[in-house]
Amino acid sequence: MMKIFCGAILAALIAVPAFAQKTAAARLQAATTDLNEIMNASDKGIPQDLLNKASCVVVIPNLKKGGFIVGGEYGKGFFTCRKESGVGWSAPGSIRISGGKFGLLVGGAETDVIMLVMNPTGMQHLLSDKFQLGGEASAAAGPIGRDSSAMTDAAMHAEILTYSRSRGIFGGLDLGGAAVTEDHDSNKELYGQDLSNKEILNSNIKVPAAARDFVHTLDRLSSRK
């Protein structure tokens with residue numbers, strides 16, 4: 001029994017650094033795939049009208065559930081916001097998300113997460129150093145389907161709507177209590193300097209080569225005119 005337990009711990013310890021060593025470019029490529037697949041899920045994807053209303057979009061590919069030591073969620077991803085003109089999307093900023101549960105939970109699943117930031121208040125939270133979903137920023141599991149008619153009252157008033165894709169299944173996701181923080185390392189990897197997310201958004205900085213497909217995909221999926 002002890003051998004099995006030790007083996008499980010060793011496997012978890014090996015898995016954590018492997019996840020952490022993924023490059024920003026690789027995560028951006030995975031995030032682009034997630035966007036395409038969840039928006040092409042016909043009547044099971046994110047409602048097009050909600051995407052069209054969103055101020056910013058966050059994509060976190062391969063969010064970890066469970067894991068060793070930290071028992072909540074953990075993942076790294078990117079966001080982009082609409083330009084002030086309403087046409088086109090900004091260069092992306094980098095974020096981390098982590099749950100608030102602690103304890104020994106070996107194993108777990110992975111899911112892809114997409115968040116729609118629905119108003120300027122939610123955007124300001126997104127540009128802060130750290131905020132909590134369901135705390136500083138109101139959040140709710142988003143409705144799925146061709147339109148947003150299935151929205152609950154909570155979702156209608158939420159600053160951030162959250163979605164997931166796990167093993168090909170799409171749906172709303174409750175991420176209440178999760179902490180979202182800036183990922184300075186990934187920003188430095190993408191831009192060659194330590195920029196904050198607020199600086200990236202406010203400086204109208206050029207989209208780096210690794211992020212062009214990500215931004216162009218959102219331009220194609222939803223660009224106000």
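The values are calculated or read from the model by the stated rules, or taken from the named source; none is laboratory data. In this text the structure is predicted, and so the values were computed from the model without any measurement. FYI the Cβ positions are ideal-geometry reconstructions off the backbone, even for glycines, and counts take in every protein chain you see.
Out of 189, 199, which single residue is over 14 Å from residue 80 (Cα atoms) and in a helix (DSSP H, G or I)? Don't jump to the end; show me each part of the working.
On the way: 199 fails: over 14 Å from residue 80 (Cα atoms).
Answer to the check: 189.
Suppose the filter is part of a helix (DSSP H, G or I) and closer than 24 Å to residue 38 by Cα; does residue 219 pass it? Full working, then the answer.
Working: part of a helix (DSSP H, G or I): yes; closer than 24 Å to residue 38 by Cα: yes.
Yes: the conditions hold for residue 219.
Being modelled with pLDDT under 90, surrounded by fewer than 21 Cβ atoms within 10 Å (Cβ to Cβ) and of a type in the set (Val, Ile, Thr), is that true of even one residue in segment 161-171? Yes, there is a match, as at least one residue in segment 161-171 is modelled with pLDDT under 90, surrounded by fewer than 21 Cβ atoms within 10 Å (Cβ to Cβ) and of a type in the set (Val, Ile, Thr).
From 203, 196, 164, which residue is free of Cβ contacts under 8 Å to residues at least 12 places away in the same chain and over 17 Å from residue 23 (Cα atoms)?
Details: 196 fails: free of Cβ contacts under 8 Å to residues at least 12 places away in the same chain; 164 fails: free of Cβ contacts under 8 Å to residues at least 12 places away in the same chain.
Exactly one of 203, 196, 164 is free of Cβ contacts under 8 Å to residues at least 12 places away in the same chain and over 17 Å from residue 23 (Cα atoms), namely 203.
Pairs are defined by a Cβ separation below 7 Å, a sequence spacing of at least 6 or placement on different chains, a first member in segment 122-149 that is touching a residue at least 12 places away in the same chain (Cβ under 8 Å), and a second member that is among the basic types (Lys, Arg) and part of a helix (DSSP H, G or I); the pairs so defined are 127/198; 144/44.
Each row is one residue, and each column tells you yes or no for (1) touching a Phe, Trp or Tyr at 6+ places or on another chain (Cβ under 9 Å); (2) at pLDDT 90 or above.
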residue: 57; (1), (2): yes, yes
residue: 78; (1), (2): yes, yes
residue: 83; (1), (2): yes, no
residue: 91; (1), (2): yes, yes
residue: 94; (1), (2): yes, yes
residue: 100; (1), (2): no, no
residue: 105; (1), (2): yes, no
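Entry remark, segment 196-217: residues being over 19 Å from the mean Cα position of the chain (by Cα) and buried (at least 20 other Cβ atoms within 10 Å of the Cβ) number 0 in total.
What residue, among those in segment 171-186 that are charged (D, E, K, R) and part of a loop (DSSP other than H, G, I, E, B), is nearest to residue 159 (Cα to Cα)? Steps first, please.
Here is the first cut: in segment 171-186, the ones charged (D, E, K, R) are 174, 182-183, 185.
Keeping just the survivors that are part of a loop (DSSP other than H, G, I, E, B) gives 174, 183.
Details: 174: 14, 183: 21 Å.
Ranking the candidates gives 174 first.
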